[in-house]
1. With θ set to phi - 60° and the Karplus curve 6.51 cos²θ - 1.76 cosθ + 1.60, what are the ³J(HN,Hα) couplings of region A:41-57 in order, to the nearest whole Hz, using x for Gly and Pro?
2. Residue by residue through region A:108-122, what is 3J(HN,Hα) from phi via Karplus (6.51 cos²θ - 1.76 cosθ + 1.60, θ = phi - 60°)? Round to whole Hz and write x for glycine and proline.
3. Buried accessible area for the A:B pair, summed, 1.4 Å probe, in Å² rounded to 100?
4. Only protein chains counted, 1.4 angstrom probe. Which residues of region A:70-86 are at least 30 Å² less accessible in the assembly than when their chain is isolated?
5. Per residue Cα convex hull volume for region B:20-103, in cubic angstrom?
6. What accessible area per residue, rounded to a whole number of Å², is obtained for region A:1-136 using a probe radius of 1.4 Å?
7. Each residue of region A:64-78 in order: what ³J(HN,Hα) in whole Hz does its phi give by Karplus 6.51 cos²θ - 1.76 cosθ + 1.60, θ = phi - 60°, with x for Gly and Pro?
8. For a quick check: with amide H placed at 1.01 Å from N, whose amide H comes under 5 Å from B:Val126's, ignoring anything fewer than 5 positions away on the same chain?
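The values are calculated or read from the model by the stated rules, or taken from the named source; none is laboratory data. Computed from a predicted model, the values in this text were never measured in an experiment. As a convention, Cβ positions derive from the backbone with ideal geometry for all residues, glycine included, and neighbour counts pool all protein chains shown. Quick note on the areas: whole protein, heavy atoms, side chains included, nothing else; ligands and nucleic acids left out. Shrake-Rupley method; radii C 1.70, N 1.55, O 1.52, S 1.80 Å.
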There are 2 protein chains.
Amino acid sequence: MNKQVIPDIIISRLPIYLRALRHMQAERKLTTSSQELGAVIGISAAQIRKDLSQFGEFGKQGTGYDIAFLIEQLREILKVGRVWDIAVVGMGDMGHALSRYQGFRDRGFRVVMVFDNDPAKVGGQVGHFVVRDTKELVAAIRKSGIKLAMLCVPASAAQDVTNLLVEAGVKAILNYAPISLSVPAGVRVQYLDPSIGLQRMTYYLD
Amino acid sequence: MNKQVIPDIIISRLPIYLRALRHMQAERKLTTSSQELGAVIGISAAQIRKDLSQFGEFGKQGTGYDIAFLIEQLREILKVGRVWDIAVVGMGDMGHALSRYQGFRDRGFRVVMVFDNDPAKVGGQVGHFVVRDTKELVAAIRKSGIKLAMLCVPASAAQDVTNLLVEAGVKAILNYAPISLSVPAGVRVQYLDPSIGLQRMTYYLD
């Protein structure tokens, strides 16, 4: 496995494979094929085989993939066999939702710290967390060694908060603000913008 | 412009271009280049030129792209020059957040109807909306001609509600439930699963 040679686009598909495989496992299936997996996800069987072959030999001609084994392999490749701590910044509706989100369970993540800059919210409770002042963000995140953050602040504040997160040592930001962020090399951003998701579909509508 | 020949992957990038261009416009820029746009988004200039060339000639050698013009063209291609009505199903934290989300403004969308199956929530108020019973979903959506829905129900209910949405005539579903959905041909699903976004970055972390 050589990071230099595996394209981002392949890495971006692995979590989709993992989710589909876990769904199959939850339905008590033991094995699957690239055809079956592809049909569930909407990706060609050939693409799935090609993607997975980058990391080794996971399937057997004729019998297909052992689901539990492939899940373990993908978790290891994606480094989600462990649990990553996450900070959430911005306690509006979306920040609230993410702070209490149940879907991180067993996916490799847990929220451990939440921030807002509104004095009316700081010190208040969201889910299991006491909202901390964004002023404390750099020191608190640096001290705890958190590498992941979810950004739920208004677009107008998103870049400034991003700069703080970078200063604090965060290396991966899931951005809910509808704005493109500038980050230095070595820091990654993924965007979860519902308008983008919707706009990817309207093209196909009448 | 021929829909048969333009790959999904190109369509999926257009909303990203549009968002970045609108951000530039908000900063009062008038023109940009594929190099500049690429640097903002993290896509190569060559890829951007190639993608846009599928739809016509938008830039001029030497002067680059007129931002306002390119925005208008992309809005037309993606069919978001109009406003699409959206139904939100599931009034948990995420459904609440989306029902009151301000980021749809000027992006081509507006929430018009919200549903839940919990008697304690039906009839209650979320943002500007009265929560309707999921039992009424098929009739209400069919009557109003809504084609887009955001799905925020628990994973265990997601496929059943999806089947109702399909029955109601919905053609595009933005799915927040951490589960792969089965839909018939002609219906599209986009997934907004925070775990997937995070897992796409942990691969690169130490």
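1. 8, x, 10, 5, 4, 4, 5, 4, 4, 5, 4, 5, 5, 4, 10, x, 9
2. Result, ordered by residue: x, 9, 7, 6, 10, 7, 10, 10, 8, 9, 7, x, 5, 9, 4 Hz.
3. 6100
4. A:Leu78, A:Lys79, A:Trp84
5. Values: hull volume 11.0 nm³, N = 84.
Taking only Cα atoms, region B:20-103 has a hull volume of 131 Å³ per residue.
6. Averaged over the residues of region A:1-136, the accessible area is 53 Å².
7. For region A:64-78, the Karplus-derived couplings read x, 9, 7, 4, 4, 5, 5, 4, 4, 5, 5, 4, 5, 4, 7 Hz, x marking Gly and Pro.
8. Residues meeting the criterion, in which the H sits 1.01 Å from N, are B:Val131.
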